[in-house]
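K.L.:
Sharing a structure here in structure tokens format.
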Amino acid sequence: MKICIYGAGAIGGYMGVMLKRGGLDVSLVARGAHLEAIKARGLTLVTKTETIIERMPASRDPRDLGHQDVVIVALKAHQAWEAAEELKPLLGPDTAVVTAQNGVPWWYFYGLDHPYADLRLRSVDPGDRQWSAIGPERVIGCTVYPATEITEPGVIRHIYGDQFGLGEPSRQESERLTRFADALAAGGMKPRLFTDIRDDIWLKLWGNLCFNPISALTHATLDIVATDPGTRALARKMMLEAKQIGERLGARFRVDVERRIDGAAGVGAHRTSMLQDLEKGRPLEIDALLGAVQEMGHLVEIPTPYIDAVLGLVQQAASVKGLYPTFPPEAFAAKAPQGRRALPLPELAAS
């Protein structure tokens with residue numbers, strides 16, 4: 001199986017090393033000093049028990065790598081939108097695309113027997129860029145649970161976790177899903193297959209939509225956000241709003257709010273990905289975690305006052321530092337293809 005990691009950063013690099021170690025034919029798309037280090041010395045993964053160095057083809061240009069059996073898109077949601085057209089040289093007739101991002105995915109409504117079937121979310125895919133360039137029929141949904149970080153170019157540190165949720169958007173079993181799960185397992189990772197991957201997306205999103213922005217606004221680590229009475233109460237309010245939206249759209253939550261927050265507290269003094277990005281001056285992943293939930297709330301007519309307030313605050317905090325990655329205006333001007341629908345965005349985040 002030929003697998004390309006598009007975005008060999010902290011998570012993508014971790015997956016690349018583990019898959020290569022498991023005997024897969026792996027290539028990487030990366031850039032900058034990280035790419036140069038990979039070319040010169042291989043990709044290094046440092047775990048609590050060992051250091052693994054794997055050499056594999058790596059390029060900034062996907063055209064150098066050719067058609068793949070599987071492409072794992074391990075970019076932030078806004079980066080994935082920007083890169084959608086660049087994926088095309090990797091896509092053969094039967095290539096599967098694994099979306100390994102946090103938040104609400106651009107394909108969320110694809111393949112559902114649902115009043116909102118094939119509806120587009122403009123907050124994560126304005127102008128249907130990914131829908132058109134990649135095609136939702138290629139997608140394997142993925143939730144990512146490991147925590148990793150790039151410590152220097154070409155070197156990734158694994159902090160904790162090895163689990164990945166997987167599922168077909170159509171809710172059907174498939175040979176390609178089984179083969180990819182087997183590939184992860186061969187590399188020492190732990191895939192868990194879901195009949196409806198959206199349930200696991202909501203469970204992961206449930207924490208990310210509150211813990212990430214609250215930590216970015218307060219600079220507090222996860223254990224503090226989840227245990228301090230004030231921030232815990234705010235997180236709980238945001239999660240309850242999101243739960244109403246998810247359940248209205250058919251999602252099932254397998255744990256309750258308090259257990260989910262307690263689970264986050266148990267992780268310890270972890271700096272969330274949004275806080276890490278803020279501290280390192282990198283763009284914050286806001287729209288896929290909060291904007292899309294607000295948009296879905298408008299769709300099903302469920303008010304989201306707590307989500308709206310935190311969204312407005314973190315948008316402003318990121319904008320002041322030049323770290324809010326907005327989409328170009330022409331993307332929102334693009335019309336959905338005939339017969340397909342796109343949701344209008346609310347005029348104000350806190351409307």
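K.L.:
Within the chain, which complete DSSP H helices have Cα atoms spanning at least 20 Å along the helix axis and a mean Kyte-Doolittle hydropathy of -1.0 or higher?
P.N.:
Working: long enough: 197-218 (31 Å, 0.37); 229-248 (29 Å, -0.68); 305-320 (23 Å, 0.97).
Sorted by number, the helices that extend far enough and score high enough are 197-218, 229-248, 305-320.
K.L.:
Please give me the summed charge of the neighbours of residue 43: other residues whose Cβ is under 13 Å from its Cβ, Lys and Arg +1, Asp and Glu -1. It would help to have the intermediate numbers written out before the result.
P.N.:
Values: positive: 20, 21, 39, 41, 55, 157; negative: 36, 54, 152.
Neighbour charge sum, excluding residue 43 itself: +3.
K.L.:
Right, something else. Please label the shape of segment 2-195 as rounded, prolate or oblate, based on the square roots a ≥ b ≥ c of the eigenvalues of the alpha-carbon gyration tensor (a/c under 1.5 means rounded; beyond that, a/b larger than b/c means prolate, else oblate). Kindly include the intermediate steps, with their values, before the conclusion.
P.N.:
On the way: a/c = 1.77, a/b = 1.46, b/c = 1.21.
Prolate shape, in that a/c is at least 1.5 and a/b is the bigger ratio.
K.L.:
Using the Cα centre as the reference, give the magnitude of the dipole from point charges on the C-beta atoms of segment 2-195 (Lys, Arg: +1; Asp, Glu: -1; all else neutral), rounded to the nearest 20 debye. All intermediate terms of the calculation are to be shown ahead of the outcome.
P.N.:
Working: 22 positive and 23 negative charges, 90 e Å.
Dipole magnitude for segment 2-195 comes out near 440 debye.
K.L.:
Let me ask something else. What does the charge add up to near residue 16, with Lys and Arg as +1, Asp and Glu as -1, over the other residues with Cβ less than 14 Å from its Cβ? Could the numbers behind the result be given before it?
P.N.:
Numbers: positive: 2, 20, 21, 39, 55; negative: 25, 54.
Neighbourhood net charge equals +3.
K.L.:
Okay, next question. Below 8 Å between Cα atoms, with a sequence gap of 6+, how large is the relative contact order for segment 2-195 in percent? Walk me through the numbers before you get to the answer.
P.N.:
On the way: 417 pairs, mean separation 45.0, N = 194.
Once normalised by length, the contact order is 23 percent.
K.L.:
Among 209, 156, 221, which residue has its Cα furthest toward the positive end of the charge dipole of the chain, with +1 on Lys/Arg Cβ and -1 on Asp/Glu Cβ?
P.N.:
Value: 156.
K.L.:
Something else about it: Shape verdict for segment 199-333, please, from the Cα gyration tensor: rounded (a/c under 1.5), prolate (a/b greater than b/c) or oblate.
P.N.:
Details: a/c = 1.87, a/b = 1.06, b/c = 1.77.
Taking the square roots of the gyration eigenvalues as a ≥ b ≥ c, segment 199-333 is oblate.
K.L.:
If packing is taken as the average number of other Cβ atoms within 10 Å across a peptide's residues, how do 13-20, 31-38 rank, most packed first?
P.N.:
On the way: 13-20: 26.9, 31-38: 16.5.
Final packing ranking: 13-20, 31-38.
K.L.:
May I ask what percent, to the nearest 5, of DSSP beta bridges between residues of segment 2-195 are antiparallel?
P.N.:
35
K.L.:
Using a cut-off of 14 Å between beta-carbons, work out the net charge of the residues near residue 58 (Lys and Arg +1, Asp and Glu -1, residue 58 not included).
P.N.:
On the way: positive: 20, 31, 39, 41, 55, 60, 63; negative: 25, 36, 54, 61, 64.
Here the count lands on +2.
K.L.:
Using Cα springs under 10 Å in a Gaussian network model of the chain, which residue among 271, 259, 138 shows the largest mean-square fluctuation?
P.N.:
Between 271, 259, 138, it is 259 that shows the largest mean-square fluctuation.
K.L.:
Within 10 Å, count the other beta carbons around each residue, average over each peptide in 50-56, 217-223, and list them highest first. Before the final figure, lay out the partial values.
P.N.:
On the way: 50-56: 13.9, 217-223: 17.0.
Output ranking for 50-56, 217-223: 217-223, 50-56.
K.L.:
Right, here's the next one. Applying a 10 Å radius around every beta-carbon, put 5-12, 126-133, 251-258 in order of their mean neighbour count, most first.
P.N.:
Details: 5-12: 25.1, 126-133: 20.2, 251-258: 13.2.
Those peptides, ordered most packed to least, come out 5-12, 126-133, 251-258.
Since every read-out is calculated from the coordinates, none of them should be taken as a lab result. Nothing here was measured: the structure is a model prediction, and the numbers come from that model. Positions of Cβ are backbone-derived with ideal geometry, glycine not excepted, and every protein chain shown enters the neighbour counts.
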